[in-house]
Amino acid sequence: MNELFNLAPLILVFPIIGVLFNGLVGRRFVDHDRKTGERWSGWFATIMALSAFVVVVLLNLALHANHFHAETVMLWDWIVIPGQGLSIPWAMQIDTLSVAMMLVVTGVGSIIHIYSIGYMHGDPDYSRYFAYLNLFLFFMLILVAGNNYLVLFVGWEGVGLCSYLLIGFWHERLAKDGTMKNANAARKAMIANRVGDAAMILGIILTFWVFGSVEFNHVFEEAIHIFESHEEMVTLVSTNIEMAFSTALFAITVLFLIAATGKSAQLVLHVWLPDAMAGPTPASSLIHAATMVTSGIYLIVRSNVLYELSRALSVHSGTISSSDIVALVGASTALYAGLIAFTQYDIKKVLAYSTVSQLGFMIAAAGMGAYVAAMFHLITHAFFKALLFMGAGSVIHGMEHGHHEVAHGHHGHDDDGFDPQDMRYMGGLRKLMPVTFWTYLVGALALAGIFPFAGFWSKDEILAHANANQGEYGLFLVLFILLALAAVCTAFYMGRQLRMVFWGQPRHEAARHAHESSPIMTFPLVLLAVFGTVAGLFNLPKVLTLEFGWSLTLEHWLEHSIQTFELMEEGILAHVPHTPTSLIVEVAALSLGLALVSMGLAFYVYRDKPKTAADPDPTQKIPGLWSVFGRLPIDSFYMKLLVPWFNRFSAWLGFKFEWSFWHDFFHERVIRDTFVWFADLSANVLDAQGVDGIVNGLGSVTRWLADGIRVSQTGYARTYALSVFLGTVVLLIYFLWPYVMR
Amino acid sequence: MFGEIIKGLGTTLKHLFMPPVTIQYPEQKRPVRTRFKGRHELKRYDNGLERCIGCSLCAAACPADAIFVEASENTDEARYSPGERYASTYEINMLRCIFCGYCEDACPTQAIVLEHNYELSFYDRASAIYTKEMLIVDVPVNGRATPQVVEPGVFTRSIPDMENPK
Amino acid sequence: MAINTLSQLAVYSLVVGFIMTFVVITGFAYTTLLERKLLARLQHRVGPNRAGYIPIPTRGGKERKLLGGFMQPAADAVKLFFKEDMTPVMVDKWTYFLAPIITVIPAIFILAVIPWAGFVPYITPEGRDYFAIAPGINVGVLFILAITSISVYGVVLAGWSSNSKYAILGGIRASAQMISYELAMGLTVLVPVMLANSMDLGVIVEGQRGMWYLFLQPIAALVFWIAALAELQRAPFDLLEAEQELSAGFTVEYSSMRFGMFFLAEYMKMIIFCALFAVFFLGGYRGPFVDQVPALGFVYTALKVFLGLCVMIWIRASLPRFRYDQLMSFGWKVLLPISVVNFMIVAVMIVLVEEGVLGF
Amino acid sequence: MTATIDWYVALSAILFTIGALGVLLRRSAIIVFMCIELMLNSANLLFVAFARSLGDLHGQVLVFFVIVVAAAEVAVGLALIVTIFRTKRSINIDEINLLKG
Amino acid sequence: MGDPLVFGILAIVAIVAALMMVTSRNAVHSALWLVLNFATIAVFYVVLNAPFIAMVQITVYAGAIMVLFLFVIMLLGAEQLRGTGVSSRGERFHQAVAALLGVMLITAVTLALMNREGAGGGTAVPTMPITSPQELGLILFETYVFPFEVTGVLLLAAIIGVAIFTLRKKRGTAV
């Protein structure tokens, strides 16, 4: 094994050092001296993130040197119950898939750290923010580096925690109507995620029951083994219950899917993600766009063997497979969220729904068996969506500063309900914020899937996959249509956003006075814009007969850790949807054309509308769009039906059960009275007579002894030294005695 | 910081290739400025009589107490200076002198003047005391050396109006 | 003459040692002249040109003076020897007498391991790697570091024994400075050691066949140079003789040749550190055709030392003196971190290259 | 004739005894400290001599560790002496007898 | 293990230096004698084919530790003890016991050496090549890597300890 793999634990050590620094002492630094303190706090965290990135790059090199063979770095035995066959190690699996994720997490993470130094400038809780950010990196790296489902789950919960903390970072802030907007958003995220997490726990338990292990490799080997031996029934570990293998596999994969819908914001658990935009923008960019929300995709891609087996089993029996459900959920989320994005005015909410939509793309790709395409879209999306969010952050920053300037200009000028995030107040920022504009443009074009930018290649690969396999799998035609429509939506709402924010006339004084952000914020934008442009090169398909040396790099790279490829080669799986390796010109032309037309349409429709902030949106003319999607049907459903009933049930539990029975009766009468009686007995009888006597007696004896011995303590160091020397000489003579006396 | 250091090094390096400005001193001497205050000289009138009348005003004015003057009576047989008295001893301790020029200002007859000689060096402290013989200028071409034998009554008054005696 | 026995080795070492010490002491004398002349030229002056010129008569009765000042070191020596040797009353006699000697001895000691040339056949036909007093010592670099750390004594003892406030302040300043910069220097010296994989200075020189370590490790070279200047107490680190504050630091009570010995030590160390810089970063005695004619090594070493001396003098002419707190914080907060980080980077790079992860 | 290990043992014993007597007899804390260093050095000498005599290097490694520990010990010890000097204005170890029983 | 002449000279220098160190009135002189003693021991190390240890000895002991001693002596002005100090009871007794113990130690060692089998110095000594730093480093970083790290921690602890000891509060008295 290459020695470099031993560095792997460092990727966890660096972020946790950052957490400790910022969590324990960072605040003192910042409070003591704002300027220097911020520098220490921010750069320390950034350097820790960068160090982790460097280590990941070294791991990458090590993988190269190791011919891409995965390595498991064992840290310690975590949960071991001898005799029960339960042994779960805390180990890190370093393979191409996890390293690809780590590169994205630490790379984009580092850039966002740098951006945050500028963005969070002046915030009273500066160091707390960076502590959270590093904590997030720590947990995210646990998530992607774990070699079993349980470690993955630790990271899964950890990032959920960080997400909660960061959404509620400004938890004291109130919305205009007096609700605790941020705190509520954080809670919403937490609760929505719990549903998925419950499914995840069930899935892990079921996995262990069926396969006797939670380590990825064991589980997959065992699953393949059962599949190959054509066993219909499996016995659950340590019980005598038997279960049909296909049912078990279906249950596990669907539970994992539910987990993924929770974390990756898919229908119907997506409701938390748009609200999560209440957090600081860099955090939204890192957690709710680039990395954490993709962990659902990672989970599915990681479990690709289970999903493919499930597909194979269902082809056999003719029923719908869990992979198909995954793909359907993803595709419908993509379209649904894309439509909602039309109706949003908040610059970040548009991006949030766009994220949901793009995650739908990835999930759909994973469900269709295009795991490489899913990962490819994940990586490119991480770049350009982080870029878009940070660009939006820069715009918001500029608007706030502009508003500040205006407010200073007119004293007593009342706040007119101005919201720096509302696109209706913006406009014409192209000239005022050139760097932000150009980088944002790159990000938007990449997201819309316009030709040479990264998004085009990754999105096209997914569509091509759906198109190429529709002959074999009937469902894929439906998926293709859904995804193509979603792509059209994407191009439209991005066009709308670009037009409203950067073109036209400023619709508010603040937009007139906005100005470019500081270099520490624009530098990361430029960096990410470069990646957003060229990231397509990672997995360039073959074009006609042209084949470049770097074509399909990602595919060749991930081949080594996505076992489906092996299964296919070994002939264990007969029918596996295969992604075409070369560019299908018709599909590419179709998607590019649709995107261009749709974007152009958006620019046309919004050419001079809205004129003022109060103007209605032109798309309100489309029947059903605003009346259905604009009202967020699923959110409303939750709020109208689920929440009141749940509240009533909680109130009953709280007042009747908890208070009347548990407190008043059980605690007060049963426990307290018994305890008081017992305490009385010990204090007045046992302690006063028994224990005190012994202690006092011991004390007297000790004092009597000490009085005798203290004479020997002269206090002169030389006396003590003399006795030490005496001892030395005596010992020496004792040892040398046989020689001395001969 | 490094840019500035390199700039400084460049500046000095440039000067390495410039010709030196040194003057080979004992052989070549730079002329001093006209108002340079060097070693004192005791002046004479054109006819050779000493200007100093031994009034000790210079000694009184000297802040460093470097001047010592002792006056004696002039006679017409042995006349040193116009008027009643002349300086029989005139000593300046060059170790004490600070070349301030107050003596020059105090002198009523412009006898003492700080001239341009700056080569003052001694091997011992005693030789740092300049006597009248060392300070007084040579007799002018048309004059006579002192003491002079003069007609009585001509030089009975010292000449405060800074003119040569007629 | 093959060297086989201990006594032959002793004779060899004595002869070579005598020669080298003589050469370096003469070199010391002319380094003072070089410093005075070059410094003068850098300041638009001519410098000493009276002692020992060659008069060349020209027409017109005047004479041109050639090589003016080349006997100046001798004149200085004569002056120093014949000045009155004063011993202040309240000094600690023995220490006061020992201090100048203790200052000079380490400077001479370091000479032992410096490779002046490659293998020179006329002197040693076989068995010797390079020409030095003690060639082939496998802890050469450590030896240098050890001896450098010893040289603090001269300064401290001179300062203390003089029983004068200026002297002790100067002494403590100087020794604190030397100790501080020794760390950075030691860490930097390890860079060539790691690159050459040996502590033998000859091996380090031979390791630079392909490329001078100066180009491979410019940061290390710069840090070494700065630390060497500080170690030598040369400008801009010449705080101990900050005339304005301390008159002359720890040498204030010394006169005559005792003072001269401090001077001697300083200039010998200048030569030696320039030689060390050459060995560590400038390829030592290596140069064109040195494999065919090993004796050329002497010329190359001398050239490189000369170059180093000129740069030192040039720096002295250009840069103002550091303030004491600046000096300390520069040493501890800038130089030391740089050298530690550089050291770590070099170590990591070497491991990576050896592991085959990075290839050159 | 060549010097054997016995000679080194004897030399080391003599140095050790001198150091020990210094510790016991001198009153200046600094000199006591220096005597401790002398004792450590006599032990080091023995380590190296035995390493040479037995032909293995582990003795030298031990000396290395002893030197490192001695450096740490001196730093702390001298800091203690300085601190004591600040309060008591003296480094006479006989005056430092607060622990007297 | 060295020429008897070399050994003799070095041993005499070492013993004389040690004695002078113990008996000097002036602490600075003591320190200087100790430096001489350390230098002699370093030469012993070279004679014993351990040049690396010799260099470490000079660097650390002579170059660092003793300079530290000198600094402290000079800074405190503690060249000589001021005042007579408290004369402890039983001073004579103490000295006598100490001297007796010293004599016993040397006697015991001498007797043991003389009575040992093969005493008198004729034993063959295994030849050992001059230690190279590489060999020492390999042992240090393979066999003794844990103790090595522990010494690192020890040094860190010493640094922190010293900093705390000598740190003076801005106001108020010393610790």
field: All aspartates and glutamates inside 13 Å of B:K29 as judged from Cα atoms, apart from same-chain residues fewer than 8 positions distant
entry: B:E119
message: With Kirkwood's inverse mean 1/r over C-alpha pairs for Rh, give me the Rg to Rh ratio of segment C:84-355, two decimals please.
response: 1.00
message: Sorted from largest to smallest, which semi-axis lengths in Å does the alpha carbon gyration tensor of segment A:1-147 give for its equivalent ellipsoid, taking the root of 5 times each eigenvalue?
response: 32, 18, 11
field: Alpha carbon convex hull of chain B, projected area averaged over orientations, nm²
entry: 15.1 nm²
Helix-only [θ]222 nm of chain A, DSSP H runs n ≥ 4, -39500 (n - 2.57) each, per residue, nearest 500: -21000 deg cm²/dmol
message: Taking the alpha-carbon distance from D:K88 and a cut-off under 23 Å, which lysines remain once sequence neighbours fewer than 8 residues away in the same chain are dropped?
response: D:K100, E:K169, E:K170
- prompt: Helix-derived [θ] at 222 nm for chain C: sum -39500 (n - 2.57) over DSSP H runs of at least 4, divide by residue count, nearest 500?
  reply: -20500 deg cm²/dmol
- prompt: What is the spread of the Cα atoms of segment A:375-519 along each of their three principal axes, largest first, in whole Å?
  reply: 70, 29, 21
statement: Expressed in nanometres to one decimal, the distance between label points 7 Å along Cα→Cβ at B:K14 and C:I105 is 5.0 nm
query: Leaving out same-chain residues fewer than 8 places away, which aspartates and glutamates sit with a Cα under 16 Å from that of A:K611?
result: A:D422, A:E509
task: Please provide three numbers in whole Å: the alpha-carbon extents of segment A:590-742 along the principal axes, with the largest listed first.
output: 113, 61, 36
field: Peptide E:95-101 - average C-beta neighbours from other chains (10 Å radius)
entry: 5
- line: Mean 1/r over distinct Cα pairs of segment D:1-54, inverted to a Kirkwood Rh in Å, yields 11.6 Å
- prompt: Residue farthest toward the positive end of the dipole of the protein assembly as shown, with Cβ of Lys/Arg at +1 and Asp/Glu at -1: which of C:G283, A:W652, A:G699?
  reply: C:G283
- prompt: Which of C:N197, C:V139, C:Y300 sits closest to the plus end of the dipole of chain C, meaning its Cα is farthest towards the positive end, when Lys and Arg get +1 and Asp and Glu get -1 on the C-beta?
  reply: C:Y300
- prompt: How big is segment A:680-742 on each of its three principal axes, counting only the C-alpha atoms and giving the largest first in Å?
  reply: 73, 29, 16
- request: Report the charge-dipole magnitude of the protein assembly as shown in Debye, nearest 20, computed about the Cα centre from +1 at each Lys and Arg Cβ and -1 at each Asp and Glu Cβ.
  value: 4160 debye
Under 12 Å, Cβ to Cβ, from A:G369 - net charge with Lys/Arg +1 and Asp/Glu -1: -2
- prompt: For segment C:248-360, what is Rg from Cα atoms divided by 2.2 N^0.38 Å, rounded to two decimals?
  reply: 1.50
Cα-projected label distance for A:I694 with A:V57, points at 7 Å along beta-carbon direction, nm: 6.6 nm
query: To the nearest 20 debye, what charge dipole does segment D:5-95 have about its Cα centre, counting +1 at the Cβ of each Lys and Arg and -1 at the Cβ of each Asp and Glu?
result: 380 debye
statement: For chain A, longest principal axis from Cα atoms; helix A:692-709 axis from its Cα atoms; angle between them, nearest 10 degrees, is 60 degrees
message: Report D for the protein assembly as shown in µm² per second (integer): Stokes-Einstein, Kirkwood Rh on Cα pairs, 4 °C, 1.567 mPa s.
response: 31 µm²/s
- line: Relative contact order of chain A (C-alpha contacts under 8 Å, at least 6 apart) in percent is 11 percent
task: Please figure out what share of the DSSP beta bridges in chain A is antiparallel and state it in percent, rounded to the nearest 5.
output: 95 percent
query: Shape call for segment D:5-95 from the C-alpha gyration tensor, a ≥ b ≥ c root eigenvalues: rounded (a/c under 1.5), prolate (a/b greater than b/c) or oblate?
result: oblate
- request: May I ask for the angle, rounded to the nearest 10°, between helix A:181-211 and the longest principal axis of chain A, with both axes built from Cα atoms and the value confined to 0 to 90°?
  value: 80 degrees
message: Given axes a ≥ b ≥ c from the Cα gyration tensor, I'd like to know whether segment C:59-119 is rounded (a/c under 1.5), prolate (a/b larger than b/c) or oblate.
response: oblate
task: Classify segment E:1-71 as rounded, prolate or oblate, taking a ≥ b ≥ c as the square roots of the eigenvalues of its Cα gyration tensor: rounded when a/c is under 1.5, otherwise prolate if a/b is larger than b/c and oblate if not.
output: oblate
- prompt: According to a simple spin-label model (label point 7 Å from Cα along Cα-to-Cβ), what is the distance in nm between C:F289 and A:V701?
  reply: 9.7 nm
- request: Please report E:E135, C:E231, A:E3 as a ranked list, fewest other C-beta atoms within 10 angstrom at the top and most at the bottom.
  value: A:E3, E:E135, C:E231
statement: The ³J(HN,Hα) series, computed from each phi in segment C:151-157 with the Karplus coefficients 6.51, -1.76 and 1.60 at θ = phi - 60°, rounded to the nearest Hz and given as x for glycine or proline, is 5, 5, 4, x, 5, 4, 5
Computed Rg/Rh of segment A:195-292, alpha carbon atoms with Kirkwood Rh: 1.13
task: Give the angle, between 0 and 90 degrees and rounded to the nearest 10, that separates the Cα long axis of helix A:149-167 from the longest principal axis of the Cα atoms of chain A.
output: 70 degrees
- line: Residues whose built amide H sits under 5 Å from the amide H of A:L86, excluding neighbours closer than 5 in sequence, are A:I81
field: Rel. contact order, % - alpha carbon contacts under 8 angstrom, at least six apart, segment D:5-95
entry: 30 percent
- request: State log₁₀ I(q)/I(0) for chain A at q = 0.11 Å⁻¹ as given by the Debye formula over alpha-carbon point scatterers of equal weight, solvent excluded.
  value: -1.17
task: Filter the cross-link list C:K65/C:K304; A:K181/A:K348; A:K459/A:K542; B:K14/C:K269; A:K459/A:K621 down to pairs whose alpha-carbon distance in this structure exceeds 18 Å.
output: C:K65/C:K304; B:K14/C:K269; A:K459/A:K621
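Taken together, the values in this text are just the output of simple stated rules run on the coordinates, not laboratory data. Computed from a predicted model, the values in this text were never measured in an experiment. Quick reminder, even Gly has a Cβ in these numbers, built from the backbone with ideal geometry, and neighbours come from all protein chains shown.
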